[in-house]
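The values are calculated or read from the model by the stated rules, or taken from the named source; none is laboratory data. As the structure is a prediction and not an experimental result, all values here were calculated from the model. We place every Cβ from the backbone using ideal geometry, glycine too, and count neighbours over all the protein chains shown. The accessibility values were calculated without ligands, DNA or RNA, using every heavy atom of the protein model including side chains. Shrake-Rupley method; radii C 1.70, N 1.55, O 1.52, S 1.80 Å.
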Amino acid sequence: MRSALVGALLCGVAIGAAAQQRQVTFEEPQPVTVSGFAVGTAAYDRSQRSNTLTAGKLAVSFFKPAGDAYFFGQVTTVLENSEPSTEIDNLIVSWTPHTATRWSLAFGRFDAPIGFERDDEPLNLIATNSFNFQFGRPSKLTGAIVRLTASPRLELAAAAADGWDVPVDNNRGKTVLLRAQWLPLDRFTVAVTGLYGPERDATDAHQRSLLSPDLTLDLGRLIVGAELNLGRERDRGGDLTWGGGAATAFLRLGRSLGMSARYDHLSDADGVVTGTPQVLRSVSIGPMWFYSQAQEGIFSNIEHTRFHLPQIALRAALRLDYSTQPFFATSSGGVERTDTRAVVELVYLF
């Protein structure tokens, strides 16, 4: 009797929906996934004569699939100079047609698909970012990007964006990006990215171009990531140029222990990206202790590697910086050519 009543009820629902031309489904809607990370830092800066402890960053992200599309957003609060600031770090609406799954279209604010380093601490293998990441190329873009998986070993991408790291367009022009990514061998990724567009405020002149090849090699216990950045900007008195590269290595010493090292070189002879004609160099080295695996999400691995993001990571780094010109601010208000920094960083993913 109970089965008959249930069957009659289901038939009634189906007939009513058919009369209203609605599709009936008994599948539960996919929920919104909330995740994020927190970063605490202890740092020492010799030039600044500072010794600080900070709960420096909190990021909360939201992921919602919807058929052929998904939404991903991340809001990040950062403590800088004792003042908190909050921004929309990522805001991505992505669509992959089910009839053409090799293609995808995304719109919003996203990590620039350039190089090995990333803006978010969990996606890096060392506790500080390089001069190349800071000055030599953009880390964020706001615009639209189209990706094509041409084959299992070749991916192409094209994007149009407002400009380098600007949340709101600062001129009338757009920055165009083209990228080709190739896997000649398993666990070995080679890519090249080109950008072109105006980057100065309130003018479409002074077009800037950047050529940035990068590679990632995953040998299991050893991961190597490297990038080059070769830039040029048009100027009335002649083209302004800069160039540099950074190489990062991570050696896994045990189940929960590893060692990272990075060499960084940036030549800015015209002072176009750093504001000072100079050559910057840095060497960073330090251990990493990590525990457990973070939950699966839109970001689950260090990009192009099998290293799964740990839920807890404790990273230390000793960094030696050098410039050919006085550049590093001191506690007395001056500048000097060298600096030494030590950082201990605790990263927790939830």
**Report entry** Centroid-to-centroid separation of the stretch 76-139 and the stretch 261-301 [C-alpha atoms, Å]
**Finding:** 14 Å
Requested in this report: Provide E83, E345, E336 ordered by accessible surface of protein heavy atoms (probe 1.4 Å), highest first.
Outcome: E83, E336, E345
Report task. Considering Cα pairs under 8 angstrom that are at least six residues apart, work out the relative contact order of the stretch 149-227 and quote it in whole percent. Result -> 23 percent
Requested in this report: Whole number in Å², please: accessible area per residue of the chain, 1.4 Å probe, ligands, DNA and RNA not counted.
Outcome: 53 Å²
Query - Mean ellipticity per residue at 222 nm, deg cm²/dmol - from DSSP H runs of n ≥ 4 across the chain, formula -39500 (n - 2.57) - result: -1500 deg cm²/dmol
Query raised in the report: Any idea what the dipole of the chain comes to, in debye rounded to 20, about its Cα centre with Lys/Arg Cβ at +1 and Asp/Glu Cβ at -1?
Result: 720 debye
Query raised in the report: Whole-Hz Karplus ³J(HN,Hα) for the stretch 279-291, in order, using 6.51 cos²θ - 1.76 cosθ + 1.60 and θ = phi - 60°, x for Gly and Pro?
Result: 10, 9, 9, 8, 10, 10, 8, x, x, 9, 10, 9, 9
**Report entry** About the Cα centre, charge dipole magnitude for the stretch 181-274 (Lys/Arg +1, Asp/Glu -1 at Cβ), debye
**Finding:** 500 debye
Query raised in the report: Using modelled amide H (1.01 Å from N, peptide plane; none on Pro or chain starts), what sits under 5 Å from the amide H of D169, excluding residues fewer than 5 places away?
Result: none
Query raised in the report: Where does helix 2-19 land angle-wise versus the long Cα axis of the chain, in degrees 0 to 90, nearest 10?
Result: 70 degrees
Query raised in the report: How large, in percent, is the carbon and sulfur part of the accessible surface of the chain at a probe radius of 1.4 Å?
Result: 61 percent
Report summary line: Largest-first ranking of M288, M259 by accessible area, probe 1.4 Å, whole protein assembly kept, is M259, M288
Report task. Compare T99, T340, T175 by solvent-accessible area with a 1.4 Å probe and give them largest first, with all protein chains kept in place. Result -> T99, T340, T175
Query - Contact order relative to length of the stretch 202-344, as percent, for alpha carbon pairs under 8 angstrom and 6 or more apart - result: 16 percent
Report summary line: Magnitude of the Cβ-charge dipole (Lys and Arg +1, Asp and Glu -1) of the stretch 78-210 about the Cα centre, nearest 20 debye, reported as 760 debye
**Report entry** Solvent-accessible area of W242 with every protein chain in place, 1.4 Å probe, in Å² to the nearest 10
**Finding:** 10 Å²
